[in-house]
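In what follows, a structure is listed as structure tokens, so that the remarks can point back to it.
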Amino acid sequence: MTRAELSITKHLSADGSDRADKSRISCLQDRNHILVVDDDPGILKAVQRLLRQHDYEAILFSSAEAFKNHTDFESAVCVILDINLNDGSGIELRYGLKAAGNSVPVIYITGNDNPAVRKAALDSGCIAFLTKPFSAQELMEPLKRAGRHPRTRSNAPASLLRALRA
């Protein structure tokens, strides 16, 4: 946990004291949510099973639109994004995350290993680009790195911003 997160956590203690909220600290230290976006139900289930075997909790989205409505990126270790979704582009979703100030690491998965698509994905700042089918090890290696990935959170929740202004 960064000094800033500790500072914020202390500032938000319910009773007004400056002692840290231990449940908040635990939540940040034990982040294990992986957001998975793919329009193929078979891929979603397979990735969910694999993540569960490695003590991750998958939060599944079957469309770009469903993912766009998600707002809690604080507990996410990583986002696994299909590039070619029926209703949008995983690469565009990645740029949307960046524009909103979310620096959660992204792993792309795709059935299309086109060099131009690969370049666009890598240029967007992903930590891995995997072509389907991929092995469990190919997915787990970048997830381990994602857990250590430094992140900024410039889009703090409104309640946090209000508390900081007080």
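The values are calculated or read from the model by the stated rules, or taken from the named source; none is laboratory data. None of these values were measured; they are calculated from a predicted model. Cβ sites come from the backbone with ideal geometry, for glycine too, and all protein chains shown count toward neighbours.
Each row is one residue, and each column tells you yes or no for (1) under 29 Å from His54 (Cα atoms); (2) modelled with pLDDT of 95 or more; (3) assigned to a helix (DSSP H, G or I); (4) out of contact with any strand residue (DSSP E or B) (no Cβ under 7 Å at 6 or more places or on another chain).
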{"position": "Arg118", "(1), (2), (3), (4)": "yes, yes, yes, no"}
{"position": "Ala121", "(1), (2), (3), (4)": "yes, yes, yes, no"}
{"position": "Phe129", "(1), (2), (3), (4)": "yes, yes, no, no"}
{"position": "Glu138", "(1), (2), (3), (4)": "yes, yes, yes, no"}
{"position": "Lys144", "(1), (2), (3), (4)": "yes, no, yes, yes"}
{"position": "Leu161", "(1), (2), (3), (4)": "no, no, yes, yes"}
Which of the residues that make up region 74-96 are more than 18 Å from Pro41 (Cβ to Cβ) and either out of contact with any strand residue (DSSP E or B) (no Cβ under 7 Å at 6 or more places or on another chain) or in contact (Cβ under 8 Å) with a residue 40 or more places away in the chain (or both)?
Glu74, Ser75, Ala76, Val77, Cys78, Val79, Ser89, Ile91, Glu92, Leu93, Tyr95, Gly96
I need every pair where a residue in region 36-55 that is at positive phi has its Cβ under 9 Å from the Cβ of a residue that is at pLDDT below 95, sequence separation at least 6 or different chains.
Asp55/Asn32
In the set Glu92, Glu57, Glu65, the lone residue that is farther than 18 Å from Ile34 by Cα, surrounded by fewer than 20 Cβ atoms within 10 Å (Cβ to Cβ) and either among the acidic types (Asp, Glu) or at pLDDT below 95 (or both) is Glu92
Any residue in region 52-62 that is out of contact with any Phe, Trp or Tyr (no Cβ under 7 Å at 6 or more places or on another chain) and under 21 Å from Arg118 (Cβ atoms)?
no
